[in-house]
Amino acid sequence: MAYYNGRGYRPHNSKKFHLSRRLKNRIIIVASGILIFALIIVLISTVFSCICSIQAPTEPTIDTATVGSTVKAEETTKTTKSDKIKFKEPDIEDDGDSVGEFDNEYYIWNNKAFEAFTGTDKDAENYAKYINNAKSTLGSSVNVYSLVMPTHIEMGLPNRLKNNNDGIKTSSQADYIKSTYNSLSKKVKYVNAYNLLSEHCKDYIYFDSDHNPTALGGYYAYQAFVELLGKKAIPLNECTEGSVESFMGSYNNFTDSELNVDTVQYWDFPYSVSNDVTDTDGNTNTLGSCYYKSVAEGSNAYSVFLFGRNPLEVIKSESKKASGKIAIVHDSIGSSMVPYFTYNYKEVYSIDYREYSGNLKNLCKENGIKNVLFINDTSGTVNSEKLELMQNILS
(Lines give C-alpha, C1' and ligand atoms only; values in the text may rest on other atoms or scores of the structure.)
Protein backbone atom coordinates (compact mmCIF):
# COMPACT_ATOMS: atom_id res chain seq x y z
CA MET A 1 0.00 0.00 0.00
CA ALA A 2 1.28 3.50 -0.77
CA TYR A 3 0.43 7.07 0.28
CA TYR A 4 0.82 10.41 -1.52
CA ASN A 5 3.65 12.62 -0.21
CA GLY A 6 3.04 15.68 -2.36
CA ARG A 7 5.43 14.63 -5.13
CA GLY A 8 4.13 11.11 -5.86
CA TYR A 9 3.10 7.81 -4.19
CA ARG A 10 5.55 6.06 -1.85
CA PRO A 11 5.41 2.70 -0.09
CA HIS A 12 3.63 2.66 3.38
CA ASN A 13 5.00 1.24 6.75
CA SER A 14 2.02 -0.84 8.00
CA LYS A 15 3.12 -1.17 11.68
CA LYS A 16 3.63 2.58 12.20
CA PHE A 17 0.37 3.30 10.46
CA HIS A 18 -1.65 1.12 12.84
CA LEU A 19 0.04 2.60 15.96
CA SER A 20 -0.75 6.13 14.81
CA ARG A 21 -4.35 5.19 14.13
CA ARG A 22 -4.81 3.64 17.59
CA LEU A 23 -3.43 6.79 19.26
CA LYS A 24 -5.85 9.00 17.37
CA ASN A 25 -8.79 6.77 18.32
CA ARG A 26 -7.84 6.87 21.99
CA ILE A 27 -7.61 10.66 21.93
CA ILE A 28 -11.05 10.89 20.32
CA ILE A 29 -12.56 8.51 22.93
CA VAL A 30 -11.05 10.40 25.90
CA ALA A 31 -12.16 13.81 24.55
CA SER A 32 -15.69 12.50 23.92
CA GLY A 33 -15.84 11.13 27.48
CA ILE A 34 -14.79 14.45 28.95
CA LEU A 35 -17.40 16.28 26.86
CA ILE A 36 -20.18 13.86 27.88
CA PHE A 37 -19.19 14.16 31.56
CA ALA A 38 -19.34 17.98 31.37
CA LEU A 39 -22.77 17.85 29.74
CA ILE A 40 -24.04 15.55 32.52
CA ILE A 41 -22.81 18.00 35.21
CA VAL A 42 -24.55 20.94 33.49
CA LEU A 43 -27.77 18.93 33.19
CA ILE A 44 -27.73 17.92 36.88
CA SER A 45 -27.05 21.54 37.98
CA THR A 46 -29.97 22.82 35.90
CA VAL A 47 -32.41 20.26 37.33
CA PHE A 48 -31.28 20.95 40.92
CA SER A 49 -31.70 24.70 40.43
CA CYS A 50 -35.26 24.25 39.18
CA ILE A 51 -36.17 22.08 42.16
CA CYS A 52 -34.81 24.67 44.61
CA SER A 53 -36.75 27.48 42.97
CA ILE A 54 -39.96 25.48 43.17
CA GLN A 55 -39.47 24.73 46.88
CA ALA A 56 -38.33 28.24 47.87
CA PRO A 57 -40.84 30.10 50.13
CA THR A 58 -42.79 32.93 48.53
CA GLU A 59 -43.49 36.35 49.99
CA PRO A 60 -46.74 36.58 52.00
CA THR A 61 -49.72 38.10 50.23
CA ILE A 62 -50.51 41.60 51.54
CA ASP A 63 -54.10 42.53 52.25
CA THR A 64 -54.83 45.71 50.32
CA ALA A 65 -58.40 46.20 51.57
CA THR A 66 -59.22 49.64 52.95
CA VAL A 67 -62.04 51.34 54.86
CA GLY A 68 -64.58 52.44 52.29
CA SER A 69 -62.26 52.29 49.30
CA THR A 70 -59.61 50.20 47.57
CA VAL A 71 -56.07 51.51 47.73
CA LYS A 72 -53.42 50.59 45.18
CA ALA A 73 -51.21 47.72 46.31
CA GLU A 74 -48.05 49.83 46.23
CA GLU A 75 -49.62 52.23 48.74
CA THR A 76 -50.72 49.63 51.27
CA THR A 77 -47.56 47.53 51.28
CA LYS A 78 -46.28 47.35 54.82
CA THR A 79 -42.97 49.03 55.33
CA THR A 80 -40.49 47.50 57.72
CA LYS A 81 -40.24 50.44 60.09
CA SER A 82 -39.89 48.42 63.31
CA ASP A 83 -36.12 48.88 63.40
CA LYS A 84 -36.54 52.64 63.03
CA ILE A 85 -39.34 53.18 65.57
CA LYS A 86 -37.77 53.39 69.00
CA PHE A 87 -39.92 54.15 72.04
CA LYS A 88 -38.54 55.36 75.35
CA GLU A 89 -40.10 53.73 78.40
CA PRO A 90 -41.61 56.41 80.69
CA ASP A 91 -40.09 56.78 84.15
CA ILE A 92 -43.41 57.24 85.94
CA GLU A 93 -43.50 58.91 89.33
CA ASP A 94 -44.40 56.30 91.94
CA ASP A 95 -44.71 56.27 95.73
CA GLY A 96 -43.66 52.62 95.63
CA ASP A 97 -46.36 50.84 97.64
CA SER A 98 -49.88 52.27 97.30
CA VAL A 99 -52.48 50.45 95.20
CA GLY A 100 -55.67 51.62 93.58
CA GLU A 101 -59.23 50.36 93.34
CA PHE A 102 -61.87 49.97 90.67
CA ASP A 103 -64.78 52.35 90.25
CA ASN A 104 -66.93 50.94 87.46
CA GLU A 105 -64.41 50.09 84.72
CA TYR A 106 -61.97 52.80 85.80
CA TYR A 107 -58.94 52.28 88.01
CA ILE A 108 -58.51 55.00 90.63
CA TRP A 109 -55.01 55.57 91.99
CA ASN A 110 -53.87 58.65 93.92
CA ASN A 111 -57.13 60.40 93.01
CA LYS A 112 -56.45 59.93 89.31
CA ALA A 113 -58.72 57.94 86.99
CA PHE A 114 -57.18 55.52 84.47
CA GLU A 115 -58.92 53.71 81.64
CA ALA A 116 -57.61 50.37 80.33
CA PHE A 117 -56.51 50.02 76.72
CA THR A 118 -57.29 46.74 74.95
CA GLY A 119 -56.48 47.43 71.30
CA THR A 120 -55.06 44.61 69.18
CA ASP A 121 -52.78 44.38 66.14
CA LYS A 122 -55.91 43.90 64.04
CA ASP A 123 -57.29 47.20 65.35
CA ALA A 124 -53.97 48.87 64.53
CA GLU A 125 -54.05 47.55 60.96
CA ASN A 126 -57.67 48.66 60.54
CA TYR A 127 -56.87 52.23 61.58
CA ALA A 128 -53.81 52.29 59.34
CA LYS A 129 -56.02 51.23 56.42
CA TYR A 130 -58.15 54.32 57.01
CA ILE A 131 -55.11 56.59 56.92
CA ASN A 132 -53.81 54.82 53.80
CA ASN A 133 -57.20 55.30 52.18
CA ALA A 134 -57.11 58.99 53.08
CA LYS A 135 -53.74 59.32 51.37
CA SER A 136 -55.04 57.54 48.26
CA THR A 137 -58.12 59.79 48.19
CA LEU A 138 -56.24 63.06 48.70
CA GLY A 139 -53.69 62.19 46.03
CA SER A 140 -49.98 62.63 45.46
CA SER A 141 -50.04 66.43 45.79
CA VAL A 142 -51.04 66.30 49.49
CA ASN A 143 -48.68 65.22 52.27
CA VAL A 144 -50.45 63.02 54.84
CA TYR A 145 -49.26 62.57 58.44
CA SER A 146 -50.55 60.35 61.23
CA LEU A 147 -50.11 61.12 64.94
CA VAL A 148 -51.39 58.54 67.44
CA MET A 149 -51.32 59.73 71.05
CA PRO A 150 -50.94 57.35 74.00
CA THR A 151 -53.51 57.76 76.77
CA HIS A 152 -52.88 58.64 80.42
CA ILE A 153 -52.59 55.05 81.65
CA GLU A 154 -49.49 54.54 79.47
CA MET A 155 -47.72 57.59 80.85
CA GLY A 156 -49.17 57.93 84.35
CA LEU A 157 -49.74 54.52 85.97
CA PRO A 158 -46.65 52.59 87.18
CA ASN A 159 -45.97 49.20 85.63
CA ARG A 160 -46.31 47.52 89.04
CA LEU A 161 -50.04 48.36 88.89
CA LYS A 162 -50.60 46.90 85.43
CA ASN A 163 -51.63 43.35 84.61
CA ASN A 164 -51.54 41.86 88.11
CA ASN A 165 -53.88 41.28 91.06
CA ASP A 166 -53.27 44.75 92.51
CA GLY A 167 -53.74 46.66 89.28
CA ILE A 168 -55.62 46.82 86.00
CA LYS A 169 -55.27 44.70 82.89
CA THR A 170 -54.13 46.84 79.97
CA SER A 171 -52.21 46.40 76.73
CA SER A 172 -48.93 48.07 75.76
CA GLN A 173 -49.69 51.20 73.78
CA ALA A 174 -46.08 51.42 72.63
CA ASP A 175 -46.52 48.07 70.86
CA TYR A 176 -49.91 49.12 69.51
CA ILE A 177 -48.66 52.42 68.08
CA LYS A 178 -45.67 50.66 66.55
CA SER A 179 -48.01 48.14 64.92
CA THR A 180 -50.14 51.00 63.56
CA TYR A 181 -47.17 52.82 62.08
CA ASN A 182 -45.72 49.63 60.60
CA SER A 183 -49.03 49.14 58.76
CA LEU A 184 -48.98 52.56 57.15
CA SER A 185 -48.25 53.10 53.50
CA LYS A 186 -44.76 54.28 52.61
CA LYS A 187 -46.45 57.43 51.33
CA VAL A 188 -47.75 58.34 54.81
CA LYS A 189 -45.42 59.85 57.43
CA TYR A 190 -45.89 58.93 61.08
CA VAL A 191 -45.27 61.22 64.05
CA ASN A 192 -43.55 59.74 67.10
CA ALA A 193 -45.02 61.84 69.92
CA TYR A 194 -44.55 58.96 72.37
CA ASN A 195 -40.93 59.74 73.21
CA LEU A 196 -41.38 63.42 74.08
CA LEU A 197 -44.39 62.56 76.23
CA SER A 198 -42.36 59.81 77.89
CA GLU A 199 -39.52 62.22 78.66
CA HIS A 200 -41.99 64.59 80.31
CA CYS A 201 -44.30 62.03 81.94
CA LYS A 202 -43.71 63.53 85.40
CA ASP A 203 -44.98 66.90 84.19
CA TYR A 204 -48.64 67.89 84.00
CA ILE A 205 -49.30 66.47 80.52
CA TYR A 206 -52.60 64.65 81.23
CA PHE A 207 -55.63 65.59 83.27
CA ASP A 208 -56.43 63.45 86.31
CA SER A 209 -60.20 63.69 85.79
CA ASP A 210 -60.43 63.63 81.98
CA HIS A 211 -59.29 61.56 78.99
CA ASN A 212 -57.74 64.51 77.12
CA PRO A 213 -54.11 65.64 77.31
CA THR A 214 -53.40 69.02 78.84
CA ALA A 215 -52.13 71.91 76.74
CA LEU A 216 -48.61 70.96 77.83
CA GLY A 217 -49.14 67.38 76.65
CA GLY A 218 -50.51 68.77 73.40
CA TYR A 219 -47.45 70.98 73.07
CA TYR A 220 -45.05 68.02 73.16
CA ALA A 221 -47.09 66.20 70.52
CA TYR A 222 -47.02 69.33 68.33
CA GLN A 223 -43.27 69.63 68.92
CA ALA A 224 -42.75 66.05 67.70
CA PHE A 225 -44.55 66.92 64.46
CA VAL A 226 -42.63 70.09 63.61
CA GLU A 227 -39.31 68.47 64.51
CA LEU A 228 -40.14 65.69 62.05
CA LEU A 229 -40.25 68.40 59.38
CA GLY A 230 -37.03 69.99 60.58
CA LYS A 231 -38.86 73.02 61.97
CA LYS A 232 -38.69 74.73 65.35
CA ALA A 233 -41.55 74.62 67.84
CA ILE A 234 -42.80 77.86 69.34
CA PRO A 235 -40.90 78.55 72.61
CA LEU A 236 -43.41 78.59 75.46
CA ASN A 237 -41.32 81.12 77.34
CA GLU A 238 -42.17 83.62 74.58
CA CYS A 239 -45.89 83.10 75.22
CA THR A 240 -48.22 84.32 77.96
CA GLU A 241 -49.72 81.59 80.12
CA GLY A 242 -53.38 81.67 81.07
CA SER A 243 -55.59 79.19 82.91
CA VAL A 244 -59.13 78.19 83.73
CA GLU A 245 -59.53 76.72 87.21
CA SER A 246 -61.70 74.00 88.74
CA PHE A 247 -61.94 71.75 85.70
CA MET A 248 -64.10 68.70 86.42
CA GLY A 249 -63.38 66.28 83.58
CA SER A 250 -65.55 63.60 81.99
CA TYR A 251 -64.41 60.84 84.38
CA ASN A 252 -66.40 62.57 87.10
CA ASN A 253 -69.55 61.61 85.19
CA PHE A 254 -68.73 57.88 85.35
CA THR A 255 -67.19 57.43 88.78
CA ASP A 256 -68.15 58.13 92.37
CA SER A 257 -64.57 58.56 93.47
CA GLU A 258 -63.12 61.89 94.54
CA LEU A 259 -60.72 62.85 91.78
CA ASN A 260 -58.17 65.65 91.70
CA VAL A 261 -59.56 68.95 90.49
CA ASP A 262 -57.73 69.96 87.30
CA THR A 263 -56.55 73.28 85.90
CA VAL A 264 -56.78 74.00 82.17
CA GLN A 265 -53.70 75.91 81.05
CA TYR A 266 -53.22 77.62 77.70
CA TRP A 267 -50.57 79.84 76.10
CA ASP A 268 -51.23 83.08 74.24
CA PHE A 269 -48.86 83.83 71.38
CA PRO A 270 -46.64 86.89 70.75
CA TYR A 271 -48.31 87.47 67.38
CA SER A 272 -51.82 88.08 66.11
CA VAL A 273 -54.25 85.56 64.63
CA SER A 274 -57.72 85.77 63.13
CA ASN A 275 -60.04 82.81 63.47
CA ASP A 276 -63.03 82.15 61.21
CA VAL A 277 -65.17 79.83 63.34
CA THR A 278 -67.97 77.92 61.59
CA ASP A 279 -70.44 76.43 64.08
CA THR A 280 -72.73 73.42 63.71
CA ASP A 281 -75.49 75.63 62.27
CA GLY A 282 -73.21 76.77 59.46
CA ASN A 283 -72.72 80.29 60.83
CA THR A 284 -69.22 81.78 60.59
CA ASN A 285 -67.81 84.38 62.98
CA THR A 286 -64.35 85.94 62.80
CA LEU A 287 -62.61 86.04 66.16
CA GLY A 288 -59.20 87.31 67.22
CA SER A 289 -58.01 84.26 69.15
CA CYS A 290 -57.78 80.47 69.28
CA TYR A 291 -58.98 80.52 72.89
CA TYR A 292 -62.35 81.10 74.55
CA LYS A 293 -60.82 82.91 77.50
CA SER A 294 -64.11 83.79 79.17
CA VAL A 295 -65.31 80.19 79.36
CA ALA A 296 -66.86 79.23 82.69
CA GLU A 297 -64.88 77.23 85.22
CA GLY A 298 -65.90 73.64 85.93
CA SER A 299 -66.92 70.90 83.52
CA ASN A 300 -66.86 73.17 80.42
CA ALA A 301 -63.38 74.55 81.02
CA TYR A 302 -61.81 72.44 78.26
CA SER A 303 -63.83 74.50 75.75
CA VAL A 304 -61.21 77.22 76.17
CA PHE A 305 -59.49 75.48 73.25
CA LEU A 306 -60.93 76.46 69.84
CA PHE A 307 -64.18 77.68 71.41
CA GLY A 308 -65.37 74.12 71.92
CA ARG A 309 -66.64 71.63 69.39
CA ASN A 310 -66.89 73.33 65.99
CA PRO A 311 -66.85 71.65 62.55
CA LEU A 312 -64.36 74.02 60.94
CA GLU A 313 -62.05 76.81 62.02
CA VAL A 314 -59.69 78.64 59.68
CA ILE A 315 -56.94 80.32 61.68
CA LYS A 316 -54.74 82.86 59.88
CA SER A 317 -51.44 83.70 61.52
CA GLU A 318 -49.17 86.76 61.57
CA SER A 319 -46.21 84.72 62.86
CA LYS A 320 -42.98 85.64 61.08
CA LYS A 321 -42.00 81.96 61.12
CA ALA A 322 -45.20 80.85 59.37
CA SER A 323 -45.60 79.67 55.79
CA GLY A 324 -47.92 77.37 53.90
CA LYS A 325 -51.17 75.75 54.99
CA ILE A 326 -52.15 72.68 56.99
CA ALA A 327 -55.44 70.91 57.71
CA ILE A 328 -55.65 69.08 61.06
CA VAL A 329 -58.32 66.37 61.40
CA HIS A 330 -59.05 65.64 65.05
CA ASP A 331 -61.54 65.31 67.88
CA SER A 332 -61.11 66.76 71.39
CA ILE A 333 -57.71 65.02 71.69
CA GLY A 334 -56.23 67.48 69.21
CA SER A 335 -58.00 70.64 70.38
CA SER A 336 -55.21 71.73 72.73
CA MET A 337 -52.58 71.12 70.00
CA VAL A 338 -54.06 72.99 67.05
CA PRO A 339 -53.29 76.57 68.22
CA TYR A 340 -49.52 75.93 68.33
CA PHE A 341 -49.42 75.23 64.59
CA THR A 342 -50.07 78.92 63.90
CA TYR A 343 -46.38 79.53 64.71
CA ASN A 344 -45.33 77.47 61.68
CA TYR A 345 -48.25 77.82 59.21
CA LYS A 346 -49.93 80.89 57.73
CA GLU A 347 -53.29 79.12 57.63
CA VAL A 348 -54.40 76.31 59.93
CA TYR A 349 -57.63 74.49 59.09
CA SER A 350 -59.04 72.82 62.19
CA ILE A 351 -61.50 70.05 61.30
CA ASP A 352 -63.41 68.32 64.10
CA TYR A 353 -64.49 65.15 62.27
CA ARG A 354 -67.32 64.58 64.77
CA GLU A 355 -69.11 67.65 63.41
CA TYR A 356 -67.69 68.35 59.95
CA SER A 357 -70.02 67.46 57.08
CA GLY A 358 -67.87 68.72 54.21
CA ASN A 359 -65.47 66.85 51.95
CA LEU A 360 -61.81 66.94 52.94
CA LYS A 361 -60.50 66.44 49.41
CA ASN A 362 -62.57 69.34 48.08
CA LEU A 363 -61.48 71.55 50.98
CA CYS A 364 -57.82 70.89 50.21
CA LYS A 365 -58.28 71.43 46.47
CA GLU A 366 -60.26 74.66 46.82
CA ASN A 367 -57.86 76.20 49.35
CA GLY A 368 -54.51 74.91 48.10
CA ILE A 369 -53.82 72.83 51.21
CA LYS A 370 -50.81 70.56 50.73
CA ASN A 371 -50.49 69.10 54.25
CA VAL A 372 -53.02 67.06 56.25
CA LEU A 373 -52.41 65.76 59.78
CA PHE A 374 -54.66 63.15 61.40
CA ILE A 375 -54.64 63.14 65.21
CA ASN A 376 -56.22 60.48 67.41
CA ASP A 377 -55.33 58.80 70.65
CA THR A 378 -55.11 55.02 70.85
CA SER A 379 -58.64 54.72 72.23
CA GLY A 380 -60.00 56.74 69.32
CA THR A 381 -58.32 54.47 66.77
CA VAL A 382 -60.30 51.44 67.99
CA ASN A 383 -63.64 53.28 68.18
CA SER A 384 -65.80 52.13 65.25
CA GLU A 385 -68.15 55.13 65.54
CA LYS A 386 -65.25 57.57 65.26
CA LEU A 387 -63.77 55.70 62.31
CA GLU A 388 -67.11 55.93 60.54
CA LEU A 389 -67.27 59.68 61.17
CA MET A 390 -63.73 60.06 59.86
CA GLN A 391 -64.63 58.05 56.77
CA ASN A 392 -67.56 60.38 56.07
CA ILE A 393 -65.30 63.37 55.46
CA LEU A 394 -63.55 61.45 52.67
CA SER A 395 -66.76 60.46 50.89
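The values are calculated or read from the model by the stated rules, or taken from the named source; none is laboratory data. Owing to the predicted nature of the structure, the values given are computational and were not obtained by experimental measurement. Positions of Cβ are backbone-derived with ideal geometry, glycine not excepted, and every protein chain shown enters the neighbour counts. Side chains are part of the model used for accessible areas, which takes the heavy atoms of the whole protein and leaves out ligands, DNA and RNA. Shrake-Rupley method; radii C 1.70, N 1.55, O 1.52, S 1.80 Å.
Among the residues making up region 287-314, those that are over 18 Å from Lys325 (Cβ atoms) and of a type in the set (Val, Ile, Thr) are Val295, Val304.
Can you confirm whether Thr70 is open to solvent by 60 Å² or more (accessible area, probe 1.4 Å) and modelled with pLDDT of 50 or more? So Thr70 does not fit the description; no.
Inspect all residues belonging to region 294-305 and state whether any of them is of a type in the set (A, V, I, L, M, F, W, C), over 31 Å from the mean Cα position of the chain (by Cα) and within 28 Å of Tyr356 (Cα to Cα). Working first, answer last.
To start, the set of residues in region 294-305 that are of a type in the set (A, V, I, L, M, F, W, C) comprises 295-296, 301, 304-305.
Imposing the further condition that a residue be over 31 Å from the mean Cα position of the chain (by Cα) reduces the set to 295-296.
Subsequent filtering for residues that are within 28 Å of Tyr356 (Cα to Cα) retains 295-296.
For region 294-305, residues of a type in the set (A, V, I, L, M, F, W, C), over 31 Å from the mean Cα position of the chain (by Cα) and within 28 Å of Tyr356 (Cα to Cα): present.
Is there a residue being open to solvent by 20 Å² or more (accessible area, probe 1.4 Å), without any contact (Cβ under 8 Å) to a residue 40 or more places away in the chain, out of contact with any His (no Cβ under 7 Å at 6 or more places or on another chain) and within 13 Å of Trp267 (Cα to Cα) anywhere in region 212-235? Within region 212-235, one or more residues are open to solvent by 20 Å² or more (accessible area, probe 1.4 Å), without any contact (Cβ under 8 Å) to a residue 40 or more places away in the chain, out of contact with any His (no Cβ under 7 Å at 6 or more places or on another chain) and within 13 Å of Trp267 (Cα to Cα). Just one of the listed residues (Ser303, Ser274, Ser246, Ser257) is farther than 29 Å from Asn143 by Cβ, small (Gly, Ala, Ser), open to solvent by less than 60 Å² (accessible area, probe 1.4 Å) and assigned to a strand (DSSP E or B), namely Ser246. In region 274-288, the residues that are farther than 15 Å from Tyr356 by Cβ form Cβ pairs under 6 Å with partners that are charged (D, E, K, R), at six or more places apart or across chains, as follows: Ser274/Lys316; Asn275/Glu313; Thr286/Asp276. Taking residues in region 352-377 that are closer than 25 Å to Tyr190 by Cβ, and partners anywhere that are of a type in the set (Lys, Arg) and outside any strand (DSSP E or B), the pairs with Cβ atoms closer than 9 Å and at least 6 places apart or on different chains are Asp352/Arg309; Tyr353/Lys386; Arg354/Arg309; Arg354/Lys386; Cys364/Lys370; Val372/Lys135; Asn376/Lys386. Can you pull out every residue in region 212-270 that is of a type in the set (D, E, K, R), within 23 Å of His330 (Cα to Cα) and out of contact with any Gly (no Cβ under 9 Å at 6 or more places or on another chain)? The answer is Glu227, Lys231, Lys232.
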